[in-house]
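Trainee: One structure, pasted below without further comment.
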Amino acid sequence: MRTARFLLLSLVLALGACGGSRSATAPEEEAPEYLDDGKSDGTSGLLTTAMVENATSRIFATLTRVPDSSLSSRLVAASRRNVDVELYIVQPTPASAAKVISAQHLEASGVHTVVDREDRCHFAAVVDQQVTTVDADGKIHRSKVKSKVDAAVAAFRAVLQPEITSPPMKIEPDRVRLLRMPDETASEIVGLINGASTSIDLEIYQMEAPPILSALAAAVARNVKVRVMLEPKTVGAVNYTPVSEALKAAGVEVQPTPPAFDTSHKVDHAKFMVIDGTGLLFGTGNLVTSGLGGNPAKEFDTLDYWVEDGRAESVAEATQLFEADWTRQPSTGISFKNMVVTPDNSMERIVGLIDAAQTRLYVYNQSLNDPAVLEHLVSAKVKGVEVRVLLGLQPGYGGEPPANQPAVDQLVQAGIPAALFSRHYLHTKVIVSDDRVFIGSQNFTAGGLRNNREVGEIFTDAAIAEELGQTFLADEQAPLP
């Protein structure tokens with residue numbers, strides 16, 4: 001018990017370290033005291049089951065580890081009933097892949113999560129109008145004094161929702177530019193949103209990053225027309241309602257997934273934004289904290305790529321696709337030359353890109369189990385192409401082995417260097433085929449290539465292909481933490 005208490009004290013310091021004051025004689029310091037109950041779920045008694053289950057408006061909490069499944073399920077349930085749930089997790093040492101996946105499951109379930117190496121907040125928890133702290137003697141204090149609650153909320157906001165000030169930026173005409181996450185951060189995308197002058201059309205699978213939501217609201221405030229299509233059925237839970245309501249309150253026009261993808265086995269997994277009708281931003285990641293380099297503990301960030309495309313043809317194709325989905329019309333009449341779109345042409349274009357490789361074929365993908373893709377990769381190897389593959393390390397249903405292990409085994413058996421990557425959560429979907437590049441939202445699965453709404457591009461750019469190729473080889477040499 002005492003050991004657990006001193007461990008907690010090393011992570012959650014006395015009230016006032018983040019902006020509040022600590023005065024032993026001040027009347028508002030008086031509060032009931034509770035001894036640490038030695039719970040093993042990472043909260044050390046500071047955030048009880050009853051507090052989570054009874055919360056009605058907000059839960060901000062500093063945890064000493066990624067919460068266990070029991071606490072996680074209760075936090076997700078609170079988020080589903082529109083409680084603002086935000087976690088600041090202190091992870092002093094590099095985490096296992098299982099912990100990374102658990103934290104990202106929370107984020108996918110609508111729980112805003114930031115993971116840090118050290119405690120920069122020093123507040124324990126705020127639940128509704130009560131703040132919980134721990135003093136130098138290891139006693140837990142709970143207070144409903146407004147000034148204490150306000151100080152704690154401000155401290156949590158500083159680390160959970162840091163303000164990102166990014167000057168207005170524009171996508172350059174006739175140019176393709178690559179962004180790698182987590183090396184880049186949300187500031188780049190915030191800058192593009194800040195640079196919008198007339199319109200923003202965004203179709204996205206998942207979005208909860210506060211800097212992005214704030215930037216979209218600010219765009220509306222300066223009379224930019226903002227339309228957002230957001231998928232209600234994200235992996236893990238439904239986070240559509242709180243995000244959509246916040247956007248609508250700011251004046252953003254919001255719609256859910258087109259009915260064509262609103263089924264049990266289809267989702268709108270696209271990730272693209274058209275800005276002012278002149279620039280296109282698309283990528284492999286979601287607009288969430290882990291997808292935008294937002295975790296100081298970097299292994300909790302995802303490996304993703306975004307592309308800025310200022311070519312008129314690409315922008316026109318993306319504009320037509322967004323309008324079709326927004327108005328609930330089929331996209332079958334659109335002629336896609338640059339864009340790779342599911343269910344329209346993804347399988348044909350991806351397999352064609354693989355078959356066209358003459359010298360090198362490097363593949364990143366979060367999930368690969370499509371037999372046709374595997375067959376064509378092996379065929380490329382047989383004809384003398386250098387084929388190399390990195391896949392995501394995520395558990396299969398029921399735990400081990402990892403979901404991508406069968407694909408790795410099949411590729412290795414065919415003589416193809418293939419591995420599971422866990423230095424970050426590999427979420428990206430990239431192919432380098434000689435000097436041609438594919439980047440998009442498509443996992444190489446039936447859903448990604450045949451059923452969902454997915455968006456990507458194939459383009460020729462020797463410099464970007466070389467950059468991606470060299471980065472791939474470096475990642476291949478260091479796939480583990």
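Residues are listed down the side, and each one gets a yes or a no for (1) assigned by TED's automatic domain parsing to the domain that holds Thr257; (2) not charged (D, E, K, R):
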{"position": "Phe322", "(1), (2)": "yes, yes"}
{"position": "Ile334", "(1), (2)": "no, yes"}
{"position": "Asn345", "(1), (2)": "no, yes"}
{"position": "Thr359", "(1), (2)": "no, yes"}
{"position": "Asp370", "(1), (2)": "no, no"}
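Trainee: Another question, then. Among residues belonging to segment 128-162 that are among the small types (Gly, Ala, Ser) and not in a helix (DSSP H, G or I), point out the one that is surrounded by the most Cβ atoms within 10 Å (Cβ to Cβ). Explain how you work it out, then say what you get.
Mentor: The first filter runs over segment 128-162 and keeps only residues among the small types (Gly, Ala, Ser), leaving 136, 138, 143, 147, 151-152, 154-155, 158.
Restricting the remaining residues to those that are not in a helix (DSSP H, G or I) gives 136, 138, 143.
Values: Ala136: 9, Gly138: 16, Ser143: 20.
Among them, the one singled out is Ser143.
Trainee: Here are Gly415, Gly469: which of them is farther than 26 Å from Ser335 by Cβ and either without any contact (Cβ under 8 Å) to a residue 40 or more places away in the chain or over 25 Å from the mean Cα position of the chain (by Cα) (or both)? Full working, then the answer.
Mentor: On the way: Gly469 fails: either without any contact (Cβ under 8 Å) to a residue 40 or more places away in the chain or over 25 Å from the mean Cα position of the chain (by Cα) (or both).
Only one candidate passes the filter, namely Gly415.
Trainee: Being modelled with pLDDT of 90 or more, not β-branched (Val, Ile, Thr) and not assigned by TED's automatic domain parsing to the domain that holds Asn365 narrows it down to one of Gly236, Gly277, so name that one.
Mentor: On the way: Gly236 fails: modelled with pLDDT of 90 or more.
That would be Gly277, the only listed residue that is modelled with pLDDT of 90 or more, not β-branched (Val, Ile, Thr) and not assigned by TED's automatic domain parsing to the domain that holds Asn365.
Trainee: If you go through segment 74-105 one residue at a time, how many are of a type in the set (Gly, Ala, Ser), surrounded by fewer than 18 Cβ atoms within 10 Å (Cβ to Cβ) and more than 19 Å from the chain's Cα centre (by Cα)?
Mentor: Within segment 74-105, residues that are of a type in the set (Gly, Ala, Ser), surrounded by fewer than 18 Cβ atoms within 10 Å (Cβ to Cβ) and more than 19 Å from the chain's Cα centre (by Cα) number 1.
Trainee: Sticking with this structure for a sec: Suppose we keep only residues that are in contact with a Leu (Cβ under 7 Å, 6 or more places away or on another chain) and within 17 Å of Asn286 (Cα to Cα) within segment 163-188. Which one would you say is surrounded by the fewest Cβ atoms within 10 Å (Cβ to Cβ)? Walk me through it before giving the result.
Mentor: Start the filter on segment 163-188 by keeping residues that are in contact with a Leu (Cβ under 7 Å, 6 or more places away or on another chain), which leaves 169, 171, 181, 185-186, 188.
From what is left, the residues that are within 17 Å of Asn286 (Cα to Cα) are 181, 185-186, 188.
Working: Met181: 26, Thr185: 17, Ala186: 24, Glu188: 19.
Step by step, filter segment 163-188, then rank; the result is Thr185.
Trainee: OK, next. State the number of residues belonging to segment 317-347 that are more than 17 Å from Ile200 (Cβ to Cβ) and either part of a loop (DSSP other than H, G, I, E, B) or aliphatic (A, V, I, L, M) (or both). Reasoning before the result, please.
Mentor: To start, the set of residues in segment 317-347 that are more than 17 Å from Ile200 (Cβ to Cβ) comprises 317, 324, 327-347.
Add one more test, that the residue is either part of a loop (DSSP other than H, G, I, E, B) or aliphatic (A, V, I, L, M) (or both), and what stays is 324, 327-341, 343-345, 347.
Summing the residues that are more than 17 Å from Ile200 (Cβ to Cβ) and either part of a loop (DSSP other than H, G, I, E, B) or aliphatic (A, V, I, L, M) (or both) in segment 317-347 gives 20.
Condition check ((1) of a type in the set (A, V, I, L, M); (2) modelled with pLDDT of 95 or more; (3) crowded, with 22+ Cβ neighbours inside 10 Å; (4) not in a strand (DSSP E or B)) across all residues:
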position	(1), (2), (3), (4)
Leu216	yes, yes, yes, yes
Val254	yes, yes, no, no
Phe272	no, yes, yes, no
Asn295	no, no, yes, yes
Trp306	no, yes, yes, no
Val315	yes, yes, no, yes
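Trainee: Which of the following residues is in contact (Cβ under 8 Å) with a residue 60 or more places away in the chain and assigned by TED's automatic domain parsing to the domain that holds Arg120: Ala151, Ala186?
Mentor: Working: Ala186 fails: assigned by TED's automatic domain parsing to the domain that holds Arg120.
Within the list Ala151, Ala186, the selection yields Ala151.
The values are calculated or read from the model by the stated rules, or taken from the named source; none is laboratory data. Please read these numbers as outputs of a predicted model, since none were measured by experiment. Here Cβ is always computed from backbone atoms with ideal geometry, including for glycine, and neighbour counts include all displayed protein chains.
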